[in-house]
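Each remark here refers to the structure printed beneath this line.
The values are calculated or read from the model by the stated rules, or taken from the named source; none is laboratory data. Treat the numbers as computed from the prediction; the structure is a model and nothing was measured. Cβ placement follows ideal geometry from the backbone for every residue including glycine, while neighbour counts extend to all protein chains displayed.
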Amino acid sequence: MQQKREQWGSRWGFILAAMGSAVGLGNIWRFSYAMGEGGGSAFLIIYLVSVLVIGFPVMLIEFSIGRRTQTDAVDAFKKLAPKSGWLVAGGLGVLAAFLILSFYGVIGGWSLRYMFEYMTGGITGDPQDFFVGFISDPASPVFWQFVFMALTVGIVFLGVQKGIELSSKVMMPVLSILLIGLAAYSLTLGGAEEAFAFMFQPDWDAFTDPSVYISAMGQAFFTLSLGMGAMLTYASYLDPEERLTSSAAIIIVLDTLFALVSGLVIFPALFAFGLDPSEGAGLVFMVLPNIFEALGGIGTLAGVVFFVLLSMAALSSAISLLEVAVAYFMRRLNASRKAMTLVVGLVIFLLGVPSSLSQGAMDITILGDSFLDFMDAFTGNLVLPLGGLIMVLFVGWTWTKKEILDHGDVADQSWGPLYVLTAKFVAPVAILLVLIIGMINW
């Protein structure tokens, strides 16, 4: 017999959990370096437009599928379009969540290691040498990856209400307080004026660079956990009568605010110390520790707060990724949550080990990229946008206009026809551009 499906304890529990899925490394780690490389304000403007034009309608589409079907990402398409190929969208979502968490757990482990180091006195020696030495070690990164995955598994093991919802209700307020406090401190360091100019005064020349558009559109897709089945799966635990539009709007607004405030944490500190905001992916683990070291005792405290923040943000997203795979295998194998969480978590951890070792301990490459970089590019450039594209095409072109409006809860909204237009034409074209150009640049 099929087990009774779990549900959220409250609407705000769902909102906080979905927000936790969106507010992760994508907001704090990826957003800052992507904005730095993208020229600042130009990237931000395109990102905000992308969140509105792509993010909101695609999130609403995922929510509408999940709430309508009350099942996992793959079975949702089987229910809505039996004996058709549309279920590949759900399959790609599960695959994306599975693969992303394998290397996400590695970076989450790095965050935990740095949090531990700052709690016990800070980084000793040159921060760059410390980071390179750490990721080149064959044992230490794998150990911290295991710790991070164990925490993730432990939360999902407890279930939707007692694990995911309860942890989100604790983590999201704490994250908000830590982020705002750290931003307020960063603005006192002397680089606030330059940071505001970099973030909010448009560099019109940057708008002529196509790569900035693709980077910003891809960031909007990645940071909102779209195309990986997370929002669909979370929405499937909603009461079928629950309203969707206000929930989606709240999640997107809060997620965007988190990204902006994260920029106000990082960029004022960079400019205060004369550092380059386009440092790339090493910004968090090599550049910021230099700043913390230069600040002395208060810098150690700032390092503790920052890496607690980063670790919690990573964990809130990791539990949503694991839940996508666990929900699928629970239904597919008619197995218990506890058994599937342990098995799937272990498999994902083992898959992540090559990503960890490929950063310096061993020469593990695929098509010239390190194993971790390949997995990141494969999921970000292909699996995520392809799954999202198929999902949007499915709703936009197989549902009637009335179904799109009713299941998206926008039938009584004046902008309902615009939502239908976006679902049918705007979002698919935008996602297709991200997919094509991402594959060309890969």
### Query
Residues Ile404, Ile366, Ile437: which one is under 17 Å from Val58 (Cβ atoms), of a type in the set (Val, Ile, Thr) and in contact with a Phe, Trp or Tyr (Cβ under 9 Å, 6 or more places away or on another chain)?
Ile404
#### Entry: All positions within the stretch 58-76 that are in a loop (DSSP other than H, G, I, E, B) and in contact with a helix residue (DSSP H, G or I) (Cβ under 7 Å, 6 or more places away or on another chain)
Thr71, Asp72
### Summary
Within the stretch 231-247, restricting to residues that are of a type in the set (Gly, Ala, Ser) and modelled with pLDDT under 95, the one that is nearest to Val326 (Cα to Cα) is Ser247
#### Entry: Number of positions in the stretch 15-65 that are more than 22 Å from Met391 (Cα to Cα) and among the acidic types (Asp, Glu)
1
### Task
Could you grab the pairs with beta carbons closer than 6 Å, sequence gap of 6+ or different chains, first residue in the stretch 348-365 and among the aromatic types (Phe, Trp, Tyr) and modelled with pLDDT of 95 or more, second one surrounded by 16 or more Cβ atoms within 10 Å (Cβ to Cβ) and in a helix (DSSP H, G or I)?
Phe349/Met149
### Query
Which condition breaks for Ile65 when tested against (1) of a type outside the set (Ser, Thr, Tyr); (2) over 30 Å from Pro277 (Cβ atoms); (3) surrounded by fewer than 20 Cβ atoms within 10 Å (Cβ to Cβ)?
(3)
### Task
Being of a type in the set (A, V, I, L, M) and within 11 Å of Ser316 (Cα to Cα) is the filter; apply it to the stretch 160-175 and report the residue that is surrounded by the fewest Cβ atoms within 10 Å (Cβ to Cβ).
Val170
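Yes or no, residue by residue, for (1) touching a Pro at 6+ places or on another chain (Cβ under 8 Å); (2) touching a residue at least 60 places away in the same chain (Cβ under 8 Å); (3) assigned to a helix (DSSP H, G or I); (4) buried (at least 18 other Cβ atoms within 10 Å of the Cβ):
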residue	(1), (2), (3), (4)
Asp373	no, no, yes, yes
Gly387	no, yes, yes, yes
Asp412	no, no, no, no
Tyr419	yes, yes, yes, yes
### Message
Can you pull out every residue in the stretch 114-134 that is free of Cβ contacts under 8 Å to residues at least 40 places away in the same chain, over 21 Å from Gly360 (Cα atoms) and surrounded by 14 or more Cβ atoms within 10 Å (Cβ to Cβ)?
### Response
Phe116
#### Entry: Hits in the stretch 254-279 - residues which are among the hydrophobic types (A, V, I, L, M, F, W, C) and in contact with a Ser or Thr (Cβ under 6 Å, 6 or more places away or on another chain)
Val265, Ile266, Ala269
### Query
Across the stretch 158-202, which residue is nearest to Leu275 (Cα to Cα) among those that are of a type in the set (D, E, K, R) and in contact with a helix residue (DSSP H, G or I) (Cβ under 9 Å, 6 or more places away or on another chain)?
Glu194
### Query
Picking from Gly36, Gly55, which residue would you name as being modelled with pLDDT under 95 and surrounded by 24 or more Cβ atoms within 10 Å (Cβ to Cβ)?
Gly55
### Message
Against the definition (in contact with a His (Cβ under 6 Å, 6 or more places away or on another chain) and among the polar types (S, T, N, Q)), how does Ser64 come out, yes or no?
### Response
yes
### Query
If we keep just the residues of the stretch 222-251 that are of a type in the set (A, V, I, L, M, F, W, C) and part of a loop (DSSP other than H, G, I, E, B), which is nearest to Leu48 (Cα to Cα)?
Leu224
### Message
Restricting to the stretch 375-385, count the residues that are among the charged types (D, E, K, R) and surrounded by 22 or more Cβ atoms within 10 Å (Cβ to Cβ).
### Response
0
### Task
Inspect the stretch 396-403 for any residue being at pLDDT 95 or above and surrounded by 22 or more Cβ atoms within 10 Å (Cβ to Cβ) and give the result as yes or no.
yes
### Task
Would you please name the residue that is farthest from Ile164 (Cα to Cα), looking only at residues in the stretch 325-368 that are loosely packed, with under 14 Cβ neighbours inside 10 Å and hydroxyl-bearing (Ser, Thr, Tyr)?
Thr365
### Query
When Leu275 is evaluated against the numbered criteria (1) surrounded by 24 or more Cβ atoms within 10 Å (Cβ to Cβ); (2) more than 18 Å from the chain's Cα centre (by Cα); (3) of a type in the set (A, V, I, L, M); (4) not in a helix (DSSP H, G or I), which criterion, by number, is the only one it fails?
(1)
### Query
Restricting attention to the stretch 209-221, does a residue exist that is part of a loop (DSSP other than H, G, I, E, B) and free of Cβ contacts under 8 Å to residues at least 12 places away in the same chain?
no
